[in-house]
Amino acid sequence: MKPRLGIYIHIPFCASKCSYCDFYSLQGCDYLMPEYQQALLEHIEESAHSIKNYEVDSIYFGGGTPSYYGADRLVQVLDLLKLNGNVRLDSEISVECNPDSISPTALKLMREEGVNRISIGVQATDNNLLKLIGRRHNFLQVQRAYRDARRAGFDNISLDLMYGLPSQTKSDWADTLAKIVEMHPEHISCYGLKLEPGTRMYKEYYGSPILPDDDEQADMYSYAAEMLERYGYKQYEISNFAAPGFESRHNLKYWNMDDYISFGPGAHSCVGNIRYSFVKDLKEYISGVHRKVSIVDEYEEVSPLERAVEYVMLSMRTARGISRRDYIVRCQCDWRPMQQVLEAFQAKGWVEHTEDRWHFTVPGFLISNTLIGIMLETQASGRIEGAPWISDAEYAARRVELPKGEEELFAEMYEQTKRREG
């Protein structure tokens, strides 16, 4: 049996840039769409020999705004992947959509061609908040897009939300969640706002008193986790909740350290112990593919030590957590010091031991940055006696430190492991 593989396709085009967004995406570059499509198809074709060594069980079109790029182009890319790769019939095939750039015709076309999961960027249900963060849609358009997706035959729909927005209260957030739950999506993502340098919102709101503070954001996070659990949405990762059986297969590949390859400017891949990314420049990406010159921006071989560190960092971000057996096999480390730390966390209510796995509780997720740091120190040194870790954890709990988002975590993870090796 061939190993499994996920494929990510980055679509870097947007109608406009959201005020909080620091992802690699461009507005006003629609004229480059035809050239990018040709380069993307050419790049996939060149990689067909590598893809055929795997069974592809997830394909994810992210961005940017894939729905703005156009269903015809997305389907053309999907058809090429089916032709040149071993795409399983039961693959999860996801497309990110914005409510203002998706139509019933486009949804129908994608569903007929094999797309079986739609992720709609909602962010908020309050139209004033949507304007404030630079979104182009209103909540009525969200409801219409959701209804159109159902009519097109989609039975796996994810809705993305944000909390901690300027002037947003816990009551506002509770109202947003109530309206979203009433729609009955299969999957809900909840991301806390983080002001990124260089974005419009950073310039306008950094240090502003109208931003919810860490305690208020923590309350919103805790409320979401508890409320969604009551309505049948199980938390399977620090920011993601799903009805049973609807966890995002592609999302879990990142956290489970499975193989995935990506296409597009700025896209990251990880296969075996090799990690690489492509240039974060659309024109350079297009030119490089056409001229058959290297478009790799970063490339590294991941050491066993780094993989051991990543196992703890990534696994503890999921509701599944870690187990003694996996830890020993993946990390080649003594389990006993780690178990002592986890048992101490358990006494504080930060972790739970379910069957053979240790995982964070909601209070544990809130201070997961600190707790994971303590676990990594334990892994590196094997020391327990005399370590000041419990006071560090209790201090973080008093401060209600919020967990890092996905992009922030991945950006910092590699630097941390390199420093630890050094």
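Estimated purely from DSSP H runs of n ≥ 4, each contributing -39500 (n - 2.57), the mean residue ellipticity at 222 nm for the chain is -14000 deg cm²/dmol once divided by its residues. Charge tally for ASN138 (other residues, Cβ to Cβ under 12 Å; Lys, Arg +1; Asp, Glu -1): +2. Using only alpha carbon pairs under 8 Å that are at least six residues apart, calculate the relative contact order of the stretch 138-217 and give it in whole percent. Value for the stretch 138-217: 39 percent. Shape call for the stretch 186-322 from the C-alpha gyration tensor, a ≥ b ≥ c root eigenvalues: rounded (a/c under 1.5), prolate (a/b greater than b/c) or oblate? It comes out oblate by the Cα gyration axes.
For the stretch 307-349, the equivalent ellipsoid built from the Cα gyration tensor has semi-axes of 17, 13, 8 Å, listed from largest to smallest.
Summing charges over all other residues whose Cβ lies under 12 Å from the Cβ of THR361, with Lys and Arg as +1 and Asp and Glu as -1, gives -2. Taking the inverse of the mean reciprocal distance over all distinct Cα pairs, the Kirkwood hydrodynamic radius of the stretch 152-262 comes to 15.4 Å.
Largest GNM mean-square fluctuation among VAL87, VAL329, VAL289, using the chain with Cα springs under 10 Å: VAL329.
Taken over the stretch 168-289, lysine pairs spaced eight or more positions apart, or on distinct chains, with alpha carbons under 19 Å apart number 5.
Between GLU112, GLU237, GLU216, the GNM of the chain built on Cα springs shorter than 10 angstrom shows GLU112 fluctuating the most.
Mind running the shape call on the stretch 4-255? Use the C-alpha gyration tensor, a ≥ b ≥ c as the square roots of the eigenvalues: rounded below 1.5 for a/c, prolate if a/b tops b/c, oblate otherwise. Prolate, since a/c reaches 1.5 and a/b exceeds b/c. Rounded if a/c is under 1.5, else prolate if a/b is larger than b/c, else oblate: which is the stretch 234-289, with a ≥ b ≥ c the root eigenvalues of its Cα gyration tensor? Prolate shape, in that a/c is at least 1.5 and a/b is the bigger ratio.
Ordered by the count of other Cβ atoms within 10 Å of each Cβ, fewest first, ASP148, ASP175 give ASP175, ASP148. Of the residues TRP173, TRP335, the one with the fewest other Cβ atoms within 10 Å heads the list, and the complete ranking is TRP335, TRP173.
Comparing mean-square fluctuations of LYS203, LYS234, LYS108 from a GNM of the chain with C-alpha springs under 10 Å, the top value falls on LYS203.
The candidate values were [x] 261; [y] 130; [z] 146; the one computed from these coordinates for volume of the Cα convex hull per residue in Å³ carries the label [z].
Partner lysines whose Cα lies under 17 Å from the Cα of LYS82, excluding those fewer than 8 positions away in the same chain, are identified as LYS2, LYS52.
Values quoted throughout were computed directly from the atomic coordinates according to the rules given, and no laboratory measurement underlies them. All values reported here derive from a predicted model rather than from experimental measurement. Reconstructed Cβ throughout: ideal geometry from the backbone, glycine too, with neighbour counts over all protein chains shown.
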